[in-house]
Amino acid sequence: MKRRIQRLSPHQNGKVAAITMALVSLIVLVPLTLLFWGGMPHGGRPPLMMVVWMPLFYLVIGYLGTALACWVYNLVAGWVGGIEYETQDV
């Protein structure tokens, strides 16, 4: 059976993408920060603010990028139709 994605919700998809990107960046940044804590030259420390700002940066950019992509998709889907896919009952 063929289905077509008629519309993507920019706000909902933006929220999901933003939170996912922020959590993944935390999962990567926290261990890396701890790993390199003792390996900095001259007893320096890795910038802890990076652990705070990078997830926030990913959150904002992830939301805005996804919301914009959904908005463009909805615009184009209105002209030429949405993405089609097939489903099968198992």
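The set of residues in segment 1-26 being among the aliphatic types (A, V, I, L, M) and surrounded by 11 or more Cβ atoms within 10 Å (Cβ to Cβ) consists of I5, L8, V16, A17, A18, I19, M21, A22, L23, V24, L26. Give the residues of segment 51-67 that are exposed (fewer than 14 other Cβ atoms within 10 Å of the Cβ) and either in contact with an Asp or Glu (Cβ under 9 Å, 6 or more places away or on another chain) or farther than 12 Å from K15 by Cα (or both), sorted by residue number. V52, W53, L56 - these are the residues of segment 51-67 that are exposed (fewer than 14 other Cβ atoms within 10 Å of the Cβ) and either in contact with an Asp or Glu (Cβ under 9 Å, 6 or more places away or on another chain) or farther than 12 Å from K15 by Cα (or both).
Of all residues in segment 72-90, those that are at pLDDT 90 or above have Cβ atoms under 9 Å from Cβ atoms of residues that are part of a helix (DSSP H, G or I) and among the aromatic types (F, W, Y), 6 or more apart or on another chain, in G82/Y73; I83/Y73.
The values are calculated or read from the model by the stated rules, or taken from the named source; none is laboratory data. The model shown is predicted, which means the values in this text are computed figures rather than measured ones. Methodologically, a virtual Cβ is constructed for each residue, glycine included, from the backbone with ideal geometry; neighbour enumeration extends over all protein chains shown.
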